[in-house]
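*Asks:* Just dropping this structure here.
The values are calculated or read from the model by the stated rules, or taken from the named source; none is laboratory data. For clarity, every value in this text was computed on a predicted model and none was experimentally measured. Methodologically, a virtual Cβ is constructed for each residue, glycine included, from the backbone with ideal geometry; neighbour enumeration extends over all protein chains shown.
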Amino acid sequence: MGLNFKCSAWSAQVHHFGRKPDHAVLVFDNRGVGNSDCGAFEAYKTSEMAKDTVDLLNFLNWDQDRSLHVFGVSLGGMISQELSLLIPTRIKSLTLISTRSGDTFELPSTTILKTFFKVSTKSVKYEQGIDLMIDFLFPAAYLNHPTAEGQTRKDDLRKYFSSWHNVPRRQSPAGAFGQLCAAFGHHCSDSQLEKISRDLSPAKIAVVLGDRDELIHAVRSLQLQDRLPGSELVVFKDGGHALSCQFREDFNALMERIMTEGNQAFSNDDKHHCA
């Protein structure tokens, strides 16, 4: 999942795909958040976090050729790029969501940076931190849409986020700092992206963006897709950063289609996993 978010953010997808008899679903907390330790107070690298993922896959014996459908959001998408460089022959499909290759150093807005600082240093109450995060993850028009008498989508999201975001424990400053460094320091060169396309072929590759994303601007995802030869671009109109939450049904349908196309590219192998 993305920067400083637990794997619980995938709950709608786990609920949908976990019930399918022909799917095995793996979601996990990246280092520095949730149930994963943060280690020393130091900067993380997306390449190191990708190695964490390989270690987990190996532990689970998910090491078969062309057996994985990889979906990565934001920081998770950056880690997924590095993962594709490490184990290309295991991957059937790669979907990079609301993310970038890091070729251009670009900080989010001052408002978003202040929000990260407040939440990471616990200088605001937990409930206030939830509201601040919701505001930069979703477009204002979406949040203000009424859902019931006296309620809005923001009210519903506040309840949803509060049910899992602080479970099992609140993120430590060391974990928040490490992940922030990984996100800002990520860089996957044009030659590396070309290698990903070449080594994954004929696997399905898709880049997914929301055209109202305020955290990673859409132009960065467009640049990423342009540098991944043969990849598909999917745009969610009026979509913010948290597409899997904002468009749950449509997003799940997209995942289903991508996995189907990935399987079809390797039609001799009818077993597949979803990571």
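*Asks:* Identify all residues within segment 219-275 that are among the small types (Gly, Ala, Ser), modelled with pLDDT of 95 or more and under 29 Å from Arg158 (Cα atoms); write none if there are none.
*Replies:* Hits for segment 219-275 are Ser221, Gly239, Gly240, Ala242, Ser244, Ala253.
*Asks:* Residue check, Ala218 against (1) in contact with a helix residue (DSSP H, G or I) (Cβ under 6 Å, 6 or more places away or on another chain); (2) surrounded by fewer than 20 Cβ atoms within 10 Å (Cβ to Cβ); (3) more than 20 Å from Arg90 (Cα to Cα); (4) not hydroxyl-bearing (Ser, Thr, Tyr), all met but one. Which one?
*Replies:* Evaluating Ala218 over (1) in contact with a helix residue (DSSP H, G or I) (Cβ under 6 Å, 6 or more places away or on another chain); (2) surrounded by fewer than 20 Cβ atoms within 10 Å (Cβ to Cβ); (3) more than 20 Å from Arg90 (Cα to Cα); (4) not hydroxyl-bearing (Ser, Thr, Tyr) leaves (1) as the failure.
*Asks:* Quickly run through segment 81-94 and pick out the residues that are in contact with a Ser or Thr (Cβ under 8 Å, 6 or more places away or on another chain) and buried (at least 24 other Cβ atoms within 10 Å of the Cβ).
*Replies:* Gln81, Leu83, Ile91, Lys92, Leu94
*Asks:* Within segment 181-228, count every residue that is in contact (Cβ under 8 Å) with a residue 12 or more places away in the chain, in a helix (DSSP H, G or I) and not charged (D, E, K, R).
*Replies:* 16
*Asks:* Can I ask one more? If I filter segment 47-94 down to residues being aromatic (Phe, Trp, Tyr) and not in a strand (DSSP E or B), which single residue comes out as farthest from the chain's Cα centre (by Cα)?
*Replies:* Phe59
*Asks:* Next up: Evaluate segment 32-46: report whether one residue or more is aliphatic (A, V, I, L, M), outside any loop (DSSP other than H, G, I, E, B) and either surrounded by 19 or more Cβ atoms within 10 Å (Cβ to Cβ) or in contact with a Pro (Cβ under 7 Å, 6 or more places away or on another chain) (or both).
*Replies:* Among the residues of segment 32-46, not one is aliphatic (A, V, I, L, M), outside any loop (DSSP other than H, G, I, E, B) and either surrounded by 19 or more Cβ atoms within 10 Å (Cβ to Cβ) or in contact with a Pro (Cβ under 7 Å, 6 or more places away or on another chain) (or both), which makes the answer no.
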